[in-house]
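What follows is one structure encoded as structure tokens, with my remarks underneath.
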Amino acid sequence: MSTNQESPVHPWQSGGSLPDPTAPAYPVHPSIPVHQQFTTTVLPHPYAIPRARHAAISTLSQWAGGHVDQVFRAELVIGELLANSIRHALPQEIRLTLTEGDGALVIEVEDGGGPTCPSTPVRVPEDCESGRGLGIVSALAHSWSWHPAANGRRVTWVYVPPTPC
């Protein structure tokens, strides 16, 4: 017996408000065993990005076991996610979490949420100065998405395997 269920239409897909955090249908990152984890708090100001990125990359370099390419990809992804959070989310503390398991890496950035949500990257005209961040993330990661968190916050996650995508 087969059932034909319609895909749920979420309000943010039609320009509406943020979704109910209890609603199902949020993509989740691939499950990895947690061997190592790093978390840091980032102030919502552009000057805070280099310090957070440096701390994360120092940690990843110790974990990587020779996966230099993965560390490089993670560095670019972290910079893009933090920049997006600072530019588009409410000005609240940002939490960056890295989780490593069996060589795979999950990067999570929790921010203050806001009126816009990360969406599928779009083609940006050559003369635009911004708008390429999620395209870069998509090119460097195996998968990514976001989900609502407590108190109106939002978590954007990225899965980076040990070898290039």
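Quick look at the values:
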{"read-out": "Test: residue in the stretch 114-127 that is part of a loop (DSSP other than H, G, I, E, B), modelled with pLDDT of 90 or more and farther than 13 Å from N84 by Cα", "value": "no"}
{"read-out": "Among (1) aliphatic (A, V, I, L, M); (2) modelled with pLDDT under 95; (3) in contact with a Lys or Arg (Cβ under 8 Å, 6 or more places away or on another chain), the one test that V109 misses", "value": "(2)"}
{"read-out": "Residue within the stretch 135-151 that is farther than 23 Å from H45 by Cα, touching a Gly at 6+ places or on another chain (Cβ under 7 Å) and modelled with pLDDT under 90 present", "value": "no"}
{"read-out": "Within the stretch 56-89, tally of residues that are out of contact with any helix residue (DSSP H, G or I) (no Cβ under 8 Å at 6 or more places or on another chain) and more than 15 Å from T163 (Cα to Cα)", "value": "7"}
{"read-out": "Scope the stretch 67-83; condition within 17 Å of T40 (Cα to Cα) and either among the basic types (K, R) or touching a strand residue (DSSP E or B) at 6+ places or on another chain (Cβ under 7 Å) (or both); matching residues", "value": "A74, V77, I78, L81, L82"}
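Residue-by-condition table, conditions (1) within 16 Å of V106 (Cα to Cα); (2) part of a strand (DSSP E or B); (3) charged (D, E, K, R):
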{"site": "T39", "(1), (2), (3)": "yes, yes, no"}
{"site": "P44", "(1), (2), (3)": "no, no, no"}
{"site": "P50", "(1), (2), (3)": "no, no, no"}
{"site": "R53", "(1), (2), (3)": "yes, no, yes"}
{"site": "A56", "(1), (2), (3)": "yes, no, no"}
{"site": "T59", "(1), (2), (3)": "yes, no, no"}
{"site": "R73", "(1), (2), (3)": "yes, no, yes"}
{"site": "G79", "(1), (2), (3)": "yes, no, no"}
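The values are calculated or read from the model by the stated rules, or taken from the named source; none is laboratory data. If you're wondering where the values come from, they're calculated on a predicted model, not measured in any experiment. With ideal geometry, Cβ positions are generated from the backbone for all residues, glycine too; neighbour counts draw on all protein chains shown.
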